[in-house]
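**Q** This structure is in C-alpha cells; I'll ask about it shortly.
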Amino acid sequence: MKLRVYIDTSVVGGYFDEEFEAVTKLFFDRIFCKDFLVYFSEISEAELSLAPDFVRELKAKIPEDCYRYLELDDEAKELAKTYIQEKVLGKASLDDAYHIAIATINRLDVLVSWNFKHIVNYDKIKLFNSINLKLGYPLIEIRSPKEFIKHESNE
C-alpha cells in the first residue's frame, strides 16, 4: 500500500527555493515515480492560486492516478479552531491549522511541509497530537521532505 502523503504549499514552492530546492526535487522524484498517494486540499488550491504559474505547473505534473483532493469540511474547521483556541497556533495561522486538521481527520499517513515555524516543529507537533488524542483522532506524523530521501546503503 502506498504512503498517503498530504503536502502543503511550502513543499511545492520549495522546488524553486534555493534553500530547499535540492531536497524538494528528490522528494518530487519519488512523487513522479508514484511512490506516494499525494493529497492536496481546497486550502492548498487557494494558496497555489496566488503562486506564480511555474509553481502551479509543477503541481499539475503530479501523476493523475496518485493525486487526491480533500475538501475543508466542518469537522476539519472545528479541529483547526481547537488548535487556535488551545493556542498551538495564532489566528493568523488558520490556514496552517486547516492543513493539519484536514490531514488528521482524513487519517493520512503523514503531512509534509517546509514550514518549521508553525507545522514541522517538535513542540507544536506534541500539542497537535495531544489535542488529536483528546478528541479521539489518531496521531499525525509531520515531517519535512528531507526525511523521504532514499540514501544508498553500502552495507
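The values are calculated or read from the model by the stated rules, or taken from the named source; none is laboratory data. All values derive from a computational prediction rather than experimental measurement. Cβ: placed from backbone, ideal geometry, glycine included. Neighbour counts: every protein chain shown.
**Q** I need the full set of residues from region 6-49 which are aliphatic (A, V, I, L, M) and in contact with a helix residue (DSSP H, G or I) (Cβ under 9 Å, 6 or more places away or on another chain), in order please.
**A** If the condition is that a residue be aliphatic (A, V, I, L, M) and in contact with a helix residue (DSSP H, G or I) (Cβ under 9 Å, 6 or more places away or on another chain), then Ile7, Val11, Val12, Val23, Leu26, Ile31, Leu37, Val38, Ile43, Ala46, Leu48 are the ones that fit.
**Q** Scan region 142-149 and tell me whether some residue there is part of a helix (DSSP H, G or I) and of a type in the set (Phe, Trp, Tyr).
**A** Yes - at least one qualifying residue is present in region 142-149.
**Q** Moving on. Where residues in region 115-141 are in a helix (DSSP H, G or I) and either modelled with pLDDT under 95 or hydroxyl-bearing (Ser, Thr, Tyr) (or both), which of them is surrounded by the fewest Cβ atoms within 10 Å (Cβ to Cβ)?
**A** The residue in question is Tyr122.
**Q** Which numbered condition trips up Ile149, out of (1) farther than 22 Å from Glu47 by Cα; (2) at pLDDT 95 or above?
**A** Condition not satisfied by Ile149: (2).
**Q** May I ask you to verify whether Ser49 is more than 20 Å from Ile119 (Cβ to Cβ) and among the polar types (S, T, N, Q)?
**A** For Ser49, the condition - more than 20 Å from Ile119 (Cβ to Cβ) and among the polar types (S, T, N, Q) - is met.
**Q** Return a yes/no flag: does region 30-44 have any residue that is closer than 26 Å to Leu94 by Cβ, surrounded by fewer than 18 Cβ atoms within 10 Å (Cβ to Cβ) and not hydroxyl-bearing (Ser, Thr, Tyr).
**A** Looking for residues that are closer than 26 Å to Leu94 by Cβ, surrounded by fewer than 18 Cβ atoms within 10 Å (Cβ to Cβ) and not hydroxyl-bearing (Ser, Thr, Tyr), one finds at least one in region 30-44, hence yes.
**Q** Can I ask one more? What is the one condition in (1) touching a His at 6+ places or on another chain (Cβ under 9 Å); (2) surrounded by fewer than 18 Cβ atoms within 10 Å (Cβ to Cβ) that Asp96 does not satisfy?
**A** Checking Asp96 against (1) touching a His at 6+ places or on another chain (Cβ under 9 Å); (2) surrounded by fewer than 18 Cβ atoms within 10 Å (Cβ to Cβ), the one that fails is (2).
**Q** Can you go through Leu58, Leu50, Leu108 and tell me which one is touching a Phe, Trp or Tyr at 6+ places or on another chain (Cβ under 7 Å) and either surrounded by fewer than 15 Cβ atoms within 10 Å (Cβ to Cβ) or not in a helix (DSSP H, G or I) (or both)?
**A** After ruling out the rest, the residue left standing is Leu108.
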